[in-house]
Amino acid sequence: MISKIKLGVNIDHVATIRNARGGMHPDPVKAALIAQNTGADNITAHLREDRRHISDIDIKKLMQKLRIPLNLEMAPTKEMLNIALNLNLKRICLVPEKRKEITTEGGLDVKKNKKKLGIFLKKLFKKNIQVSLFINPNVNQINAAKDLKVSAIELNTGLFCEKNENRTLEYEKLKSAALFAKNNNLECHAGHGITYKTVSLISKIHEISELNIGHFIIGESIFLGLKESIFRMRKLINNSRKKIILDKLA
Ligand code: PXP
């Protein structure tokens, strides 16, 4: 059965603008509540080691105020593990993190770091925290994620969304990785770099059940307002999914 795609709105860059002046405005929690009221299925935020956007206080406020799930992205470090365990989080997406990167660059190397991740995950599973692993669309990484018994993976759509001559190949990689994940009983999410131009093709991959989108939605909200920016993304996703369902029926 082809299901509706959930939309996770990443609010990191509301905090980026706030932090540029060191004050309280604009408030990422207010943005999260608007997203919730506009039909977002979850809110995503990345607590970075350097706290360049979202802060610890933002996370606490989000947990108090949201009705929809908070999907917290974090690197698999000791500090983040303690935060996850102490805050009683329900959902986490583990991502690689380099201090000097502008944004998350590529997926986790789950295969190479399997042992270390296994120890990390054991502690999260004990607290019933659902974990997804942000990975590149690669069968070996999906197999390693499956061995670690996570419930979901998030496919990195960054290389497909960037303008480059290998886009067709990158799209094929996403399609076959999503199918492989589904056949291995892993929930398949996707995200990174998604725009109004790229979201329809990604939504056509019917094994993908959730998209996490931030930078473009927040950027576009400067021109359209946050509600309209989210609404247009939602509409493109829904139209693309509806079309697959109709194609299947035809
Ligand atoms: N998913 C993951 C795992 C990410 O690290 C990010 C960026 O924080 C996103 C989705 C959202 O990417 P973007 O801001 O490019 O939409």
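The values are calculated or read from the model by the stated rules, or taken from the named source; none is laboratory data. Everything numeric in this text was worked out from a predicted model, so none of it was measured. Virtual Cβ from ideal backbone geometry, glycine too; neighbours counted across all protein chains shown. Accessible surface areas use protein heavy atoms only, side chains included; no ligands, DNA or RNA. Shrake-Rupley method; radii C 1.70, N 1.55, O 1.52, S 1.80 Å.
Kindly indicate the residue of the stretch 27-36 that is more than 16 Å from the ligand (Cβ to nearest atom) and without any contact (Cβ under 8 Å) to a residue 60 or more places away in the chain and also least open to solvent (accessible area, probe 1.4 Å) among those meeting that condition.
Per the criteria, the residue is Val29.
For Leu81, are the conditions met, namely being touching a Phe, Trp or Tyr at 6+ places or on another chain (Cβ under 7 Å) and within 11 Å of the ligand (Cβ to nearest atom)?
no
Of all residues in the stretch 152-186, how many are buried (at least 24 other Cβ atoms within 10 Å of the Cβ) and among the charged types (D, E, K, R)?
1
If I ask for residues that are acidic (Asp, Glu) and within 13 Å of the ligand (Cβ to nearest atom), which ones from the stretch 194-243 would you list?
Matches in the stretch 194-243: Glu210, Glu220.
Of the residues Glu101, Glu49, Glu79, Glu73, which is closer than 21 Å to Phe120 by Cβ, open to solvent by less than 30 Å² (accessible area, probe 1.4 Å) and over 17 Å from the mean Cα position of the chain (by Cα)?
Numbers: Glu49 fails: open to solvent by less than 30 Å² (accessible area, probe 1.4 Å); Glu79 fails: open to solvent by less than 30 Å² (accessible area, probe 1.4 Å); Glu73 fails: over 17 Å from the mean Cα position of the chain (by Cα).
Exactly one residue qualifies, and that residue is Glu101.
Checking Gly39 against (1) modelled with pLDDT of 95 or more; (2) under 18 Å from the mean Cα position of the chain (by Cα); (3) farther than 15 Å from Arg91 by Cβ, which single condition isn't satisfied?
(1)
Would you mention how many residues in the stretch 222-250 are surrounded by 14 or more Cβ atoms within 10 Å (Cβ to Cβ), closer than 15 Å to Ile11 by Cα and over 19 Å from the mean Cα position of the chain (by Cα)?
So the count comes out to 1.
Tell me which residues, restricted to the stretch 187-206, are open to solvent by 30 Å² or more (accessible area, probe 1.4 Å) and either of a type outside the set (D, E, K, R) or more than 29 Å from Ile17 (Cβ to Cβ) (or both). Explain how you work it out, then say what you get.
Of the residues in the stretch 187-206, the ones open to solvent by 30 Å² or more (accessible area, probe 1.4 Å) are 187, 192-193, 195-197, 200-201, 204, 206.
Scanning the stretch 187-206 gives Glu187, His192, Gly193, Thr195, Tyr196, Ser200, Leu201, Lys204, His206.
State which residue is least open to solvent (accessible area, probe 1.4 Å) when the search covers only the stretch 5-24 and only residues that are out of contact with any helix residue (DSSP H, G or I) (no Cβ under 6 Å at 6 or more places or on another chain) and part of a loop (DSSP other than H, G, I, E, B).
Gly23
When you scan the stretch 53-62, do you find a residue that is open to solvent by 40 Å² or more (accessible area, probe 1.4 Å), farther than 29 Å from Ile202 by Cβ and part of a loop (DSSP other than H, G, I, E, B), even just one? Spell out the reasoning first.
The first filter runs over the stretch 53-62 and keeps only residues open to solvent by 40 Å² or more (accessible area, probe 1.4 Å), leaving 56-57, 60-61.
Next, only the ones that are farther than 29 Å from Ile202 by Cβ stay: 56-57, 60-61.
Narrowing the set further to residues that are part of a loop (DSSP other than H, G, I, E, B) leaves none.
The answer is no, given that none of the residues of the stretch 53-62 is open to solvent by 40 Å² or more (accessible area, probe 1.4 Å), farther than 29 Å from Ile202 by Cβ and part of a loop (DSSP other than H, G, I, E, B).
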